[in-house]
Each structure stands twice: as structure tokens, then as C-alpha cells.
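A short worksheet on the structure shown next.
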């Protein structure tokens, strides 16, 4: 009798264990699918951000080039102003 009860309890425990594993398997699969979908969305967002970063880098490069051009033109403008002032001074000396 003890053997029958022991075997019955063993089978019951094995059955509970197997049913717990099977039930968890479905939840794990659902969670795995959800995570795959989330991963795909994050990869898409990551690609978009990479493109945006590239565009911003290009914009920064263009702005730096414009700043360099402005600085160069400002320097050239100052040089030309000085030359004009020098020429005005020379003309004033010649008029006297």
C-alpha cells in the first residue's frame, strides 16, 4: 500500500512539475516574442538616430566652414579698410 501511495504521489509531483513547465513555456514564448518586437523597434529607432547624427555632423561641418569663411572675409575686410585709410592718408599728403 505504501508503494502504491508513494508511486501515486511521485506521479502527481511529476505531473505538477511537467504542467508547471509547460505553462511557463507559453509565457516565456510570449515574452520572447514581445522582446523581439521591442528589439526590432529599438533597432529601427537606432538607425533613425544614426542618420540624424550624420546629418547633424554635416550641418556642424557646414557651419564651421561658414564660420571660417566669415572669419576670413572679416580679416580681409579689415585689411582692405586699413589699405583705404592708408590711401586716404597718402592722398591727403599729396593734396597739401
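Bear in mind these aren't lab numbers, they're just calculated from the coordinates by the rules spelled out. Given the structure is predicted, the values throughout are model-derived calculations rather than measurements. As a convention, Cβ positions derive from the backbone with ideal geometry for all residues, glycine included, and neighbour counts pool all protein chains shown.
The label point for residue 4 and the one for residue 88, both projected 7 Å from the Cα toward the Cβ, are 12.3 nm apart.
Can you give the angle from 0 to 90° between the axis of helix 2-95 and the longest principal axis of the chain, with both taken from C-alpha atoms, to the nearest 10? Approximately 0 degrees, to the nearest 10. Its DSSP H runs of at least 4 residues, each contributing -39,500 (n - 2.57), put the calculated 222 nm mean residue ellipticity of the chain at -37500 deg cm²/dmol, to the nearest 500. For the pair residue 71 and residue 14, the difference between a 0.36 nm per residue extended length and the Cα-Cα distance amounts to 12.3 nm. Spherically averaged projected area of the convex hull of Cα atoms, the chain: 10.3 nm².
Straightening the chain between residue 63 and residue 37 buys 5.5 nm, computed as 0.36 nm per residue apart minus the Cα-Cα spacing.
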